[in-house]
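The values are calculated or read from the model by the stated rules, or taken from the named source; none is laboratory data. What you are looking at is a predicted structure, and each value in this text was computed from that prediction instead of being measured. Heads up, the Cβs are rebuilt from the backbone with ideal geometry, glycines too, and the neighbour counts pull from every protein chain shown. Remember, those area values only see protein heavy atoms, side chains included, never the ligands or the DNA or RNA. Shrake-Rupley method; radii C 1.70, N 1.55, O 1.52, S 1.80 Å.
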Amino acid sequence: MALPSVWSAVRVVIPFTLLLGLLSMRLVGASQDSGSVIPAESRPCVDCHAFEFMQRALQDLKKTAYNLDTR
C-alpha cells in the first residue's frame, strides 16, 4: 500500500529538483558583471599584439643564441 505513495512523491520531487537546478543556473549566469568588458577603443589592435609577440619571440631567440654561443 505504501509503494504507490512513494512513487507519487518521487514523481513530484524529481521534476521540482530539476526545476530548482535550472533556475539556480540562470541566476548564477545573470550575476556576472557585463560591464567588465574592455571597450574596443582602448584595446590595442591585433596587429599591435602580433608585433609585440614577435618582438618578444625575437628577443628570446637572441638570448638563447647568445647563451649557446657563450657555452
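Residues R71, R56, R11 ordered from highest to lowest accessible area at a 1.4 Å probe: R71, R11, R56. The simple spin-label model puts a point 7 Å past each Cα toward its Cβ; for L20 and E52 those points are separated by 4.7 nm.
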